[in-house]
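Visitor: Below is the structure I would like to discuss, written out as structure tokens.
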Protein chains: 2
Amino acid sequence: MFDPVEKLKEFIRHPSVSTDPKFREGMKGAQEFVSSLLRSLGFSVDVVATKLHPIIFAQRAGEKHWPHLLIYGHYDVQPADPLALWKTPAFEPTVIGNRIYGRGAADNKGPLLTNIAAVAQALEDNPKLPLRITFLVEGEEEMGSPSFPKFLEAYADKLKEADFVYLSDTALPNENQVVLTSGLRGLALLDVHVTGPNGDLHSGLHGGVLLNPIQALAEILATLHTPEGRVNVPGFYDDVLDVHPWERDELKKLGADEKAYAQFLGIDTFYTTPGFSPFESVRFQPTLEFNGIGGGYQGEGTKTVIPSKAFAKISCRLVPNQQPDVIKQRVMDAIRARAPKGVKVDFVDQHKGDPYVVVPPGRSNTPTDQSPVLARAFRAAEQAVTEVWGRPPIYLREGGSVPIIADIKRKTGLDSVMFGLFLPEDNLHAPNESFNLDVMKKGIETTRRMLVTLAKG
Amino acid sequence: MFDPVEKLKEFIRHPSVSTDPKFREGMKGAQEFVSSLLRSLGFSVDVVATKLHPIIFAQRAGEKHWPHLLIYGHYDVQPADPLALWKTPAFEPTVIGNRIYGRGAADNKGPLLTNIAAVAQALEDNPKLPLRITFLVEGEEEMGSPSFPKFLEAYADKLKEADFVYLSDTALPNENQVVLTSGLRGLALLDVHVTGPNGDLHSGLHGGVLLNPIQALAEILATLHTPEGRVNVPGFYDDVLDVHPWERDELKKLGADEKAYAQFLGIDTFYTTPGFSPFESVRFQPTLEFNGIGGGYQGEGTKTVIPSKAFAKISCRLVPNQQPDVIKQRVMDAIRARAPKGVKVDFVDQHKGDPYVVVPPGRSNTPTDQSPVLARAFRAAEQAVTEVWGRPPIYLREGGSVPIIADIKRKTGLDSVMFGLFLPEDNLHAPNESFNLDVMKKGIETTRRMLVTLAKG
């Protein structure tokens, strides 16, 4: 078996930022890295061209009655900026203690490689393992998977041959407690642009005459939340799914510590949906966040200008059963209705994703028609986690989003077993992202055991 | 006499952005250009070193009883960004029709060169012209003249030898009507920084838990104006000087057209201090503007991050008798009082400048102790303007700021005759700045005649 840490270093060295055309080479490198690794394990690899970054579709053939799992992952990463805040180079993997630092280490290169390594080990131990395995590794997750719908259309029948999806692109609450993720938030993203005068103006010659677009934007954004922490958009909460009692029971098992969490975030006050603790709010409630804002002069010193334009990047995290298009429309309607006179408001539509929920076997609301192989997979994962980590996993919805999970469900009916592997301190989407190598080691062993148990039938 | 247009091209080619250390060479080039031009006219030139950009102090000696004017100008320019919006290169002067395009063309290189050319012509016509002339040309006007107070301290006695200051760093309302500026607004500038979590956070993993600093900043900024257009800071208007009746009469002479002004700005609604027309508001009322805002991800596509920080650049234009330090304190107090819990607010103090007012001779509120040479200078300027432009000048306060004018008054008692030369369409501080070459030609002739009349005693 290959050395997983050395392989992960190789993987991170390919700067695979999907959203930025400057990183085309890095994207290609990362794709070829995954493709050739899977080929070396005996998979037949299909690199499916898309308009932008290809999707890797790799299969291990087997007999029809064998269980068939579809392992999902992505080879692209978030932009690394602001680069100045990185303590080690973003694309030069650096091991310090039991952590490996680098953009993508935790999201999703480390966890994906964990599952590839588990497959490699299981097949090395038993080359005749009675299990069908398909890898589906995309390169556009961090940009909202724009090519995925078309791929899904073309490959739906092939995907339907699988029994369930398996992935590690969700979180562990801490090093000792595994979570099998039972739900994901969706996404609705858009940019709002406010335009005032037809060009930047001297604030002395024209200041006091017209509405500054930065002021207009601030006034609009300030209306979008209540002081108590609710999103102040009409109809925003209409379709929010109630929390099932067993979900609250599972969350209690987490024993999460608010004080430690506040300290980790560096804040002294939480700001949650009223009636929800921070841990409930992030898992069970939707948000409207400002991911970026810009306008006018942002350099050193001063420039006494009234800018022509200002903009903000807005993203909503959605919970079942909110629909991204409905929410986008409601947010745009609210903004248009509240925009002051004297400025023009435009929107740039960005990507979106449906929320997702899966109920493990044996719960009050488990679907009666749940796939028996999915149920066995959940039980095999529970057993493997209990053996390797010394305690059973808990089932929790989480705040993050993997929109294609809901897309696959809608198109093929396949549900997902989500084995979380990254930790809160891994700094996903932020400078100094890292991945815990102990978690990686235990993750490989857990998935390996799950595969072996599942293969036993 | 040199060709003023060719000389202006030379001047613009030196990219003299004072606020940005990258332009050190351009600053040096512009300084040497002015120094050597004045030397070639027979001035004894003193390049006074400062901590940053030197001040040019150049004198033409003469007899003690001759009138003595101090001509002020600046050789530095505003940053040229956003460069993408320039139709011709910012530092490559381009003549199109009767306009010359380039950063600094109108602020202040064209107007300064107009006055230098007028002096050159007057001295060529009469090398023995009985007039003492001092040039004071600084290189830090666009950054708030940080070195000027120290210079003023050291050179106060020399400056006091002059009778008045003469400058062209204010505006013409249109090509046909000269304004002698009777007042300038002051400035109070500061940046506000809002800090939330101790690093950027993944908006899925942590969204819904804490106050986003962009949201906090928007909520703060949104409180700083009333919907009607007043600055909503306690005490902000306490020291605002009433408008004298003759000032309103002069403004009427302007015959300014609101519809044309709105069209020029590209807006459909004015937003002024209630009770003031746009033309009154910009001249007689203070403002609080947002010159820039930034935070989080501003690139293409999306990055689902909760940023750690957000900031805004604030500038207030002040009118007599507001005091910059008092206003800064009141703005900071209001922001601190209104900042929501869960974020930290800090300020970066930027520069400031006092407002200024000068009353021409013969008005209801002309000071009884006004310098007779200043009164003669105003009359000489009125006569020259009437001859060259076909109609007398009007006296108006304007919205812009030349803070050192108030500093000189406070330190030396000298008042200023401000002969406006740039037009609203000159795009000062904005992309595609330009200067009208017909205005330049008439400006040279006006100042030349004023000098000759003044020398007659």
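Visitor: Can you confirm whether region B:49-57 contains a residue that is surrounded by fewer than 16 Cβ atoms within 10 Å (Cβ to Cβ), assigned by TED's automatic domain parsing to the domain that holds B:Phe135, aliphatic (A, V, I, L, M) and farther than 21 Å from A:Thr304 by Cβ?
Guide: Yes, some residue in region B:49-57 is surrounded by fewer than 16 Cβ atoms within 10 Å (Cβ to Cβ), assigned by TED's automatic domain parsing to the domain that holds B:Phe135, aliphatic (A, V, I, L, M) and farther than 21 Å from A:Thr304 by Cβ.
Visitor: Ok, one more. Do we have B:Ser18 as of a type outside the set (Asp, Glu) and within 14 Å of chain A (Cβ to nearest Cβ) here?
Guide: Numbers: of a type outside the set (Asp, Glu): yes; within 14 Å of chain A (Cβ to nearest Cβ): yes.
Criteria met by B:Ser18.
Visitor: Select, from B:Pro274, B:Pro227, the only residue that is farther than 20 Å from B:Ser401 by Cβ, at the interface with chain A (Cβ under 8 Å from one of its Cβ atoms) and surrounded by fewer than 12 Cβ atoms within 10 Å (Cβ to Cβ).
Guide: Working: B:Pro274 fails: at the interface with chain A (Cβ under 8 Å from one of its Cβ atoms).
The conditions single out B:Pro227.
Visitor: To continue, here is another question. Evaluate region A:318-335: report whether one residue or more is closer than 27 Å to A:Glu247 by Cα, among the hydrophobic types (A, V, I, L, M, F, W, C), more than 9 Å from chain B (Cβ to nearest Cβ) and under 18 Å from the mean Cα position of the chain (by Cα).
Guide: So far as region A:318-335 goes, yes, one or more of its residues are closer than 27 Å to A:Glu247 by Cα, among the hydrophobic types (A, V, I, L, M, F, W, C), more than 9 Å from chain B (Cβ to nearest Cβ) and under 18 Å from the mean Cα position of the chain (by Cα).
Visitor: For A:Thr269, which of the numbered conditions (1) surrounded by fewer than 20 Cβ atoms within 10 Å (Cβ to Cβ); (2) more than 7 Å from every other protein chain (Cβ to nearest Cβ); (3) of a type in the set (Val, Ile, Thr) fails to hold?
Guide: (2)
Visitor: Working only within region A:282-298, note down all residues that are within 7 Å of chain B (Cβ to nearest Cβ) and either within 30 Å of B:Val282 (Cα to Cα) or buried (at least 24 other Cβ atoms within 10 Å of the Cβ) (or both).
Guide: Of all residues in region A:282-298, those within 7 Å of chain B (Cβ to nearest Cβ) come to A:282, A:285, A:287, A:289-298.
Hits for region A:282-298 are A:Val282, A:Gln285, A:Thr287, A:Glu289, A:Phe290, A:Asn291, A:Ile293, A:Gly294, A:Gly295, A:Gly296, A:Tyr297, A:Gln298.
Visitor: Another question, if that's okay. Quick check on my filter: what residues within region A:159-178 are over 15 Å from A:Thr447 (Cβ atoms) and in contact with a strand residue (DSSP E or B) (Cβ under 8 Å, 6 or more places away or on another chain)? Walk me through it before giving the result.
Guide: Applying the first criterion (over 15 Å from A:Thr447 (Cβ atoms)) to region A:159-178 yields A:159-163, A:171, A:173-177.
Within region A:159-178, A:Leu159, A:Glu161, A:Ala162, A:Asp163, A:Ala171, A:Pro173, A:Glu175, A:Gln177 meet the criteria.
Visitor: For region B:364-397, what are the residues that are of a type in the set (A, V, I, L, M) and over 19 Å from B:Arg248 (Cα atoms)?
Guide: Just the residues of region B:364-397 that are of a type in the set (A, V, I, L, M), to begin with: B:373-375, B:377, B:380-381, B:384-385, B:388, B:394, B:396.
Residues satisfying the conditions are B:Val373, B:Leu374, B:Ala375, B:Ala377, B:Ala380, B:Ala381, B:Ala384, B:Val385, B:Val388.
Visitor: Return yes when B:Pro355 is out of contact with any Ser or Thr (no Cβ under 7 Å at 6 or more places or on another chain) and touching a residue at least 60 places away in the same chain (Cβ under 8 Å) and no when it is not. Before you say what the answer is, go through the steps one by one.
Guide: On the way: out of contact with any Ser or Thr (no Cβ under 7 Å at 6 or more places or on another chain): yes; touching a residue at least 60 places away in the same chain (Cβ under 8 Å): yes.
Against the criterion (out of contact with any Ser or Thr (no Cβ under 7 Å at 6 or more places or on another chain) and touching a residue at least 60 places away in the same chain (Cβ under 8 Å)), B:Pro355 qualifies.
Visitor: Considering each residue of region A:305-315, count those that are more than 7 Å from chain B (Cβ to nearest Cβ), farther than 17 Å from B:Gln215 by Cβ and not in a loop (DSSP other than H, G, I, E, B), and give that number.
Guide: 1
Visitor: Something else about it: Only residues that are over 25 Å from B:Leu437 (Cα atoms) and touching a strand residue (DSSP E or B) at 6+ places or on another chain (Cβ under 7 Å): list them for region B:9-38, please.
Guide: B:Phe23
Visitor: Test B:Val343 against the stated conditions and say whether it is surrounded by 24 or more Cβ atoms within 10 Å (Cβ to Cβ) and either basic (Lys, Arg) or within 11 Å of another protein chain (Cβ to nearest Cβ) (or both).
Guide: On the way: surrounded by 24 or more Cβ atoms within 10 Å (Cβ to Cβ): yes; either basic (Lys, Arg) or within 11 Å of another protein chain (Cβ to nearest Cβ) (or both): yes.
It is true that B:Val343 is surrounded by 24 or more Cβ atoms within 10 Å (Cβ to Cβ) and either basic (Lys, Arg) or within 11 Å of another protein chain (Cβ to nearest Cβ) (or both).
Visitor: Of the residues A:Ile220, A:Ile214, only one is part of a helix (DSSP H, G or I), touching a Phe, Trp or Tyr at 6+ places or on another chain (Cβ under 7 Å) and either more than 7 Å from every other protein chain (Cβ to nearest Cβ) or within 27 Å of B:Val319 (Cβ to Cβ) (or both); which? Full working, then the answer.
Guide: On the way: A:Ile220 fails: touching a Phe, Trp or Tyr at 6+ places or on another chain (Cβ under 7 Å).
Only one candidate passes the filter, namely A:Ile214.
Visitor: Only one residue in A:Phe33, A:Phe57 is assigned to a helix (DSSP H, G or I), out of contact with any Gly (no Cβ under 6 Å at 6 or more places or on another chain), touching a residue at least 24 places away in the same chain (Cβ under 8 Å) and of a type in the set (Phe, Trp, Tyr). Which one? Let's see the steps before the verdict.
Guide: Working: A:Phe57 fails: assigned to a helix (DSSP H, G or I).
So the residue among A:Phe33, A:Phe57 that is assigned to a helix (DSSP H, G or I), out of contact with any Gly (no Cβ under 6 Å at 6 or more places or on another chain), touching a residue at least 24 places away in the same chain (Cβ under 8 Å) and of a type in the set (Phe, Trp, Tyr) is A:Phe33.
Visitor: Which of the residues that make up region A:188-211 are within 7 Å of another protein chain (Cβ to nearest Cβ) and closer than 30 Å to A:Leu172 by Cβ? Explain how you work it out, then say what you get.
Guide: Initially, region A:188-211 is screened for residues within 7 Å of another protein chain (Cβ to nearest Cβ), giving A:189, A:196-211.
Scanning region A:188-211 gives a single hit, A:Leu189.
Conditions tested, residue by residue: (1) at positive phi; (2) within 14 Å of another protein chain (Cβ to nearest Cβ); (3) surrounded by fewer than 18 Cβ atoms within 10 Å (Cβ to Cβ).
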{"site": "B:Lys409", "(1), (2), (3)": "no, no, yes"}
{"site": "B:Phe419", "(1), (2), (3)": "no, no, no"}
{"site": "B:Phe422", "(1), (2), (3)": "no, yes, no"}
{"site": "B:Lys456", "(1), (2), (3)": "no, no, yes"}
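Visitor: Evaluate the following for A:Leu190: is it of a type in the set (A, V, I, L, M), surrounded by 19 or more Cβ atoms within 10 Å (Cβ to Cβ) and not assigned by TED's automatic domain parsing to the domain that holds A:Leu421?
Guide: Numbers: of a type in the set (A, V, I, L, M): yes; surrounded by 19 or more Cβ atoms within 10 Å (Cβ to Cβ): yes; not assigned by TED's automatic domain parsing to the domain that holds A:Leu421: yes.
So A:Leu190 fits the description; yes.
Visitor: I need the full set of residues from region B:193-208 which are under 15 Å from A:Glu433 (Cα atoms) and part of a strand (DSSP E or B), in order please.
Guide: B:Leu201, B:His202, listed by residue number.
Visitor: Further question: Looking only at region B:297-304, decide whether some residue is among the acidic types (Asp, Glu) and not in a helix (DSSP H, G or I).
Guide: Going through region B:297-304, the residues among the acidic types (Asp, Glu) turn out to be B:300.
Then drop every residue that is not not in a helix (DSSP H, G or I), which leaves B:300.
Looking for residues that are among the acidic types (Asp, Glu) and not in a helix (DSSP H, G or I), one finds at least one in region B:297-304, hence yes.
Visitor: Among the residues that make up region B:235-246, is at least one of them without any contact (Cβ under 8 Å) to a residue 24 or more places away in the chain, of a type in the set (A, V, I, L, M) and within 14 Å of chain A (Cβ to nearest Cβ)?
Guide: no
Visitor: Name the single residue that is farthest from the chain's Cα centre (by Cα) among those in region A:14-36 being closer than 21 Å to A:Ile444 by Cβ and surrounded by fewer than 22 Cβ atoms within 10 Å (Cβ to Cβ).
Guide: Residue satisfying both the conditions and the ranking: A:Ser36.
Visitor: Among the residues of region A:247-266, which ones are within 14 Å of chain B (Cβ to nearest Cβ) and small (Gly, Ala, Ser)?
Guide: If the condition is that a residue be within 14 Å of chain B (Cβ to nearest Cβ) and small (Gly, Ala, Ser), then A:Ala256, A:Ala260, A:Ala262, A:Gly266 are the ones that fit.
Visitor: Would you kindly identify the helices (runs of 4 or more DSSP H) lying entirely within region B:368-457 that contain at least 2 residues that are closer than 26 Å to B:Gln263 by Cβ and either in the same structural domain as B:Met143 (by TED's automatic domain parsing) or modelled with pLDDT of 95 or more (or both)?
Guide: Working: elements: B:372-389, B:403-412, B:437-456.
Counting at least 2 such residues, we get B:437-456.
Visitor: Under 9 Å between Cβ atoms, which residue pairs at least 6 apart in sequence (or on different chains) link something in region A:88-112 that is farther than 11 Å from A:Phe435 by Cα and in contact (Cβ under 8 Å) with a residue 40 or more places away in the chain with a partner that is part of a loop (DSSP other than H, G, I, E, B) and of a type in the set (Lys, Arg)?
Guide: A:Ala90/A:Arg103; A:Phe91/A:Arg103
Visitor: Can I ask one more? Considering only region A:328-340, state which residues are surrounded by 19 or more Cβ atoms within 10 Å (Cβ to Cβ) and either of a type in the set (Gly, Ala, Ser) or assigned by TED's automatic domain parsing to the domain that holds A:Pro403 (or both).
Guide: A:Ala334
The values are calculated or read from the model by the stated rules, or taken from the named source; none is laboratory data. Not measured: the values here are computed from a predicted model. FYI the Cβ positions are ideal-geometry reconstructions off the backbone, even for glycines, and counts take in every protein chain you see.
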